[in-house]
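Chemist: Okay, here's the structure, questions in a sec.
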Amino acid sequence: MKHTLSVLLQNKPGALSRVTGLFSGRGFNIESLCVAETLDPRVSCMTLVTRGDDSIVEQITKQLHKLIDVIKVTDITEGEFVEREMVLIRVKAEANTRAEVLRVIDIFRGKVVDVSPTTYTVEITGPESKIKAVIDILRPIGIKEIVRTGTIAMARAPKN
Amino acid sequence: MSKITGSQAIIKCLQEEGVDTIFGFPGGAVIDLYDELLDSDIKHVLVRHEQGAVHAADGYARATGKVGVALLTSGPGATNGVTAIATAYMDSIPVVVFTGQVPRALIGNDAFQEVDIVGITRPCTKHNYLVSDPNELVATIREAFYLASSGRPGPVLIDLPKDVVASMMSFPERKPIKMKTYQPTVDPHPGQVEKACKACLKAKRPVLYIGGGVILSDANKELTELAEKLSVPVAMTLMGLGGFPGTNPLSLGMLGMHGSYASNMAVAKSDLLIAVGARFDDRVTGRLDAFAPHAEIIHIDIDPTSISKNVDVDIPIVADCKHALRAMNSWFDDSKEFAPKAMKEKHQPWLDQVRQWDEKHPLTYRDEGDIIKPQYVIEVLNKLTGGDAIITTEVGQNQMWAAQFYKFNEPRRLLTSGGLGTMGYGLPAAIGAKLAFPDKTVIDVAGDGSIQMNIQELATARQYNAPVKVAILNNGYLGMVRQWQELFYNKRYSATVMEITPDFVELAKAYGAVGLRATKKDEVEPVIQEALATDKLVIMDFAVSREEGVFPMVPAGKATTEMLLV
Ligand SMILES: Cc1ncc(C[n+]2csc(CCOP(=O)(O)OP(=O)(O)O)c2C)c(N)n1
Ligand SMILES: [Mg+2]
């Protein structure tokens, strides 16, 4: 099963490689990984998507905790959360397909961020499922290049 | 505040930590620090290979419970230490390793003797540091000692760029260390303790399964109290030997691949397994689904990642072993449902069963007239040292025979590379232990193969007056591998015959040590007597029966009840 972990870690040289080294050394898989500074520049927040049964994810969580540079690990898939990913897609946009491309990205609330005589580069943001849907629809038109950020996620704020 | 150099700050930090001896090997990157060492009261032991430095620091740490310290130069000095760092890591031994590094401005430039030792040792240290700011040097060293020795201990490496060590800095006052990202759970959860104790009250066939954690937390007294209070037999891992007296009637000896028949049977038939400071290693469990299949499992460990890693645990207790065992002992003392005598009576049928297993297949070997059996050598060592020597081992059959036939009654008497299984560990570790305890007999039980991996440290032993005794069980083979080839590879002895070995008696002489040899059984005792009588460094070369095997043996991947017996 897919788990999204939110990891707060000290913003120190080598901290990131401790995390990635842990995954490769212990044979855990990483589907995506995003990391950047938090409000406190000494602390980074990492969103890490991994797959595994409960006991593996429990091991991953404990092993992450054990790293001295790690401050907090939350498996946010355990509760309600929002997740977003951004993708840049360069898609073929010639006279006969341009309108179609625009229609599709309009449906997905994307926007065109770069134009060339034969391509559009579009930006789309959403949960992973939406990104996947856009890619599936644009693929037959002709995707030339694609860059994804990987997922970032946040637990939903308590309602009361 | 007046300023001091980085070298001076490092020495002051070592003094603060109570370090009296460090093991190392110099080079350009650490030459400033070596210069400063000359004026300090810290004893520096010059080894002959950096692997030896870290093993010696590790042996010193295992024997004393204090942090061992090693100092290596950059590049090859640092990489030479890696095997020994990994050895300490696998067995959770508190060691701080200082490595020299090229000046900060050159880092990343493939400078002379530059290596990314922090990158290389990341997976085999508890934590490591590159000190990039002189103002952080002192705090880093203090933190390193704290990390190495607290929680689940382990090696910590500090990489020191040469210009950082040469810079001027202030020496801040020492304050208690608090790290928000590192707070090991020392005290057990009372609810879990109660659950565990209640499970003990119910059990009919309980077994204690204890590992190195009992020794690391100095919990042997508490453990012994619990075992005796509840009349529970105790099986020990290789790392746990000495955590409970080997001659106590409740001792089952070692369990696992080369464990006793009784210990493996007892675990297999138990209805309650109380694991203390052990980590369900594959050498202990054998085939996982057949390990303690009927048992409810209690697991006490300070490292949450050890719990339910290989085997699902019913009652986890995350805590320092000593604290958890103390809490269990006092729970029983306060409990109205519990009386030691009634408990003993309840467990009597189980204890009888365990004794029958032991009588049916005791640890033993076949005597063959004049031929020296390696097990016999260990028995004589045990007899003539009263079971009270510090024994280090190399790796292979020698290690297993030492574990099986020497009766360890005290913790910190067996120093052996359990997790990594590092050939070449025993001699430098013995030197570290001997320097910590000059009045104790320290014996390296060695194989003819392993001893050659760090034999150069004989010179270190001589130079620093560390007269350890090396007992080579010389079978002319890489015996443990040969045993596997005999049993599972049709006796095809690929690369395990030691066609050439040095004459160890002559070699001893070359190093200014005493060399003794026994080739017949009746020479064993006199040789050991002579070795123990002299205060010199000694190598004993025992020509043992060449194709002797270590038994019982659980073939890899088999259930622990499927033992090959003598
Ligand atoms: C550094 C290292 N290399 C290889 C091995 C694999 N190995 C395990 S036991 C063994 C044989 C050791 O031979 P020896 O020291 O003569 O001991 P014996 O088994 O004969 O008592 C070997 C090669 C190891 N444990 N460590
Ligand atoms: Mg041998």
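Please treat every number below as a calculation from the coordinates, not as lab data. Note that the structure is predicted; figures quoted are calculated from it, not measured. Please note: Cβ atoms are built from the backbone with ideal geometry, for glycine as well, and neighbour counts cover all protein chains shown.
Chemist: Show the residues, 5+ positions off or on another chain, whose built amide H is closer than 5 Å to the amide H of B:VAL470.
Modeler: B:ASP444, B:VAL538, B:ILE539, B:MET540
Chemist: Please compute the average number of Cβ atoms from other chains found within 10 Å of each residue's Cβ in peptide A:21-30.
Modeler: 1
Chemist: While we're looking at this one, here's another question. Please work out how much length the chain gains when fully extended from B:ALA556 to B:GLN348, using 0.36 nm per residue of separation minus the C-alpha to C-alpha distance, in nm with one decimal.
Modeler: 71.6 nm
Chemist: For the range B:180-210 and the range B:332-400, what is the centre-to-centre distance using only Cα atoms, to the nearest Å?
Modeler: Distance between centres, Cα-based: 26 Å.
Chemist: Follow-up. So, in chain A, how many Lys pairs have Cα atoms under 19 Å apart, if the pair is 8 or more places apart or on different chains?
Modeler: 13
Chemist: Taking 8 Å as the Cα distance limit and 6 or more residues as the minimum spacing, I'd like the relative contact order of chain B as a percentage.
Modeler: Here the relative contact order equals 14 percent.
Chemist: Within 10 Å of each Cβ in peptide B:304-310, how many partner chain Cβ atoms are there on average? Round it to a whole number, please.
Modeler: Per residue, the average neighbour count from other chains is 4.
Chemist: In nanometres, what is the gap between the two model label sites at B:GLU228 and B:SER40, each 7 Å from Cα along Cα-to-Cβ?
Modeler: Rounded to a tenth, the inter-label distance reads 4.3 nm.
Chemist: Place the peptides A:147-160, B:461-474 in order of packing, highest mean first, counting for every residue the other Cβ atoms within 10 Å and averaging per peptide.
Modeler: B:461-474, A:147-160
Chemist: Can you return the lysines within cross-link range of B:LYS3? Criterion is Cα-Cα under 22 Å, with same-chain partners fewer than 8 residues away left out.
Modeler: Result set, ordered by chain and number: B:LYS12, B:LYS162, B:LYS175.
Chemist: Would you tell me the mean number of C-beta atoms belonging to other protein chains that fall within 10 Å of each C-beta in A:63-70, as a whole number?
Modeler: Counting other chains' Cβ atoms within 10 Å and averaging over A:63-70 gives 5.
Chemist: When the dipole is taken about the Cα centre of the protein assembly as shown, and only Lys, Arg (+1) and Asp, Glu (-1) are charged at their Cβ, what size is it in debye, to the nearest 20?
Modeler: 1460 debye
Chemist: Calculate how steeply helix A:128-142 sits against the longest principal axis of the alpha-carbon atoms of chain A, using the helix alpha-carbon long axis, and give the answer as 0 to 90 degrees to the nearest 10.
Modeler: Taking Cα atoms only, the helix is inclined about 30 degrees.
Chemist: Contact order normalised by length for the range B:106-207, with contacts defined as Cα pairs under 8 Å and 6 or more residues apart; what percent is it?
Modeler: Relative contact order for the range B:106-207 comes out at 24 percent.
Chemist: Let me ask something additional. Have a look at A:LEU67, A:THR97, A:GLN10 and report the one farthest towards the positive end of the charge dipole of chain A, computed about the Cα centre with Cβ charges (Lys/Arg +1, Asp/Glu -1).
Modeler: So the residue we want is A:THR97.
Chemist: Between B:GLN15 and B:GLU173, what length comes free when the chain is fully extended (0.36 nm per residue of separation minus the Cα-Cα distance, one decimal in nm)?
Modeler: 55.5 nm
Chemist: Each residue of the range A:62-67 in order: what ³J(HN,Hα) in whole Hz does its phi give by Karplus 6.51 cos²θ - 1.76 cosθ + 1.60, θ = phi - 60°, with x for Gly and Pro?
Modeler: 5, 5, 5, 4, 5, 5
Chemist: I've got another one for you. At 222 nm, what value in deg cm²/dmol follows for the protein assembly as shown if DSSP H runs of at least 4 each add -39500 (n - 2.57) and the sum is divided by all its residues, to the nearest 500?
Modeler: That calculation yields -11000 deg cm²/dmol at 222 nm.
Chemist: Report the local net charge at A:THR20: Lys and Arg +1, Asp and Glu -1, summed over other residues whose C-beta lies under 12 Å from its C-beta.
Modeler: After counting each charged neighbour, the total is +3.
Chemist: Can you grab the distance from the C-alpha centre of the range A:82-160 to the C-alpha centre of the range B:473-498, Å, no decimals?
Modeler: Comparing the Cα centres of the range A:82-160 and the range B:473-498, I get a distance of 63 Å.
Chemist: Placing +1 on the Cβ of each Lys and Arg and -1 on the Cβ of each Asp and Glu in the range B:420-566, which of B:ILE528, B:MET480, B:LEU458 has its Cα farthest towards the positive end of the resulting dipole?
Modeler: B:MET480
Chemist: Hey, got the dipole for chain B? About the Cα centre, +1 on K and R Cβ, -1 on D and E Cβ, debye to the nearest 20?
Modeler: 1060 debye
Chemist: With a cut-off of 8 Å between alpha carbons and a minimum separation of six or more residues, what is the relative contact order of the range A:83-155 in percent?
Modeler: Worked out over the range A:83-155, it gives 51 percent.
Chemist: Then there is this: For B:LYS469, list the lysines whose Cα falls under 30 Å from its own Cα; do not include residues on the same chain fewer than 8 positions away.
Modeler: By straight Cα distance, B:LYS469 reaches B:LYS43, B:LYS66, B:LYS221, B:LYS373, B:LYS383, B:LYS407, B:LYS434, B:LYS440, B:LYS509, B:LYS520, B:LYS521, B:LYS536.
Chemist: Given the peptides B:333-340, B:476-483, B:218-225, B:398-405, arrange them by the average over their residues of other C-beta atoms within 10 Å, most packed first.
Modeler: B:398-405, B:476-483, B:218-225, B:333-340
Chemist: Related question: Report the rotationally averaged projected area of chain B based on its alpha-carbon convex hull, in square nanometres.
Modeler: 26.6 nm²
Chemist: Still on this model: Rounded to the nearest 20 debye, what is the charge dipole size of the range A:83-155 about its Cα centre when +1 sits on each Lys and Arg Cβ and -1 on each Asp and Glu Cβ?
Modeler: In total the dipole reaches around 80 debye.
Chemist: Sequence neighbours fewer than 8 away in the same chain don't count; with that in mind, list the lysines whose C-alpha is under 17 Å from B:LYS360.
Modeler: Excluding near neighbours in sequence, the set is B:LYS269.
Chemist: Calculate one ³J(HN,Hα) per residue across the range A:49-59 by plugging θ = phi - 60° into the Karplus curve 6.51 cos²θ - 1.76 cosθ + 1.60, and present them in order as whole Hz with x for glycine and proline.
Modeler: So the J values, rounded to whole Hz, are 9, 9, 10, x, 6, 4, 5, 5, 5, 4, 4.
Chemist: Moving on. Return the sequence-ordered ³J(HN,Hα) values of the range B:238-244 in whole Hz as given by the Karplus equation 6.51 cos²θ - 1.76 cosθ + 1.60 applied to θ = phi - 60°, using x for Gly and Pro.
Modeler: 3, 6, x, 4, x, x, 9
Chemist: Which parts of the range A:124-142 would a label at A:MET1 reach, counting a residue when its backbone N lies under 18 Å from a point 7 Å out along Cα-to-Cβ?
Modeler: Backbone N within reach: none found.
Chemist: Determine the sum of side-chain charges near B:GLY396: Lys and Arg each +1, Asp and Glu each -1, restricted to other residues whose C-beta is under 15 angstrom from that of B:GLY396.
Modeler: Residues close to B:GLY396 contribute a combined charge of -3.
Chemist: If you don't mind, there's one more thing I want to ask. Given the protein assembly as shown, report the % of alpha carbon pairs whose separation exceeds 44 Å.
Modeler: 34 percent
Chemist: Sticking with this one: Mind giving me the FRET efficiency for A:ILE107 and B:ASP218? R0 is 56 Å, r the Cβ-Cβ distance, nearest 0.05 is fine.
Modeler: 0.25
Chemist: Here's a follow-up. Enumerate the amide H contacts of B:GLY240 below 5 Å, restricted to partners 5 or more residues apart or on another chain; note that Pro and chain-start residues carry no placed amide H.
Modeler: Amide H neighbours of B:GLY240: B:GLY212.
Chemist: List every residue whose amide H lies under 5 Å from the amide H of B:LEU130, counting only residues 5 or more places away in sequence or on a different chain, with H placed 1.01 Å from N in the peptide plane.
Modeler: B:ASP159
Chemist: Ok, one more. Translational diffusion coefficient of the range B:190-360 at 20 °C, 1.002 mPa s, Stokes-Einstein with Kirkwood Rh over Cα pairs, in µm²/s as a whole number.
Modeler: Rounded, D is 139 µm²/s.
Chemist: Among B:87-93, B:454-460, B:136-142, what's the highest-first ranking by average C-beta atoms within 10 angstrom per residue?
Modeler: Output ranking for B:87-93, B:454-460, B:136-142: B:87-93, B:454-460, B:136-142.
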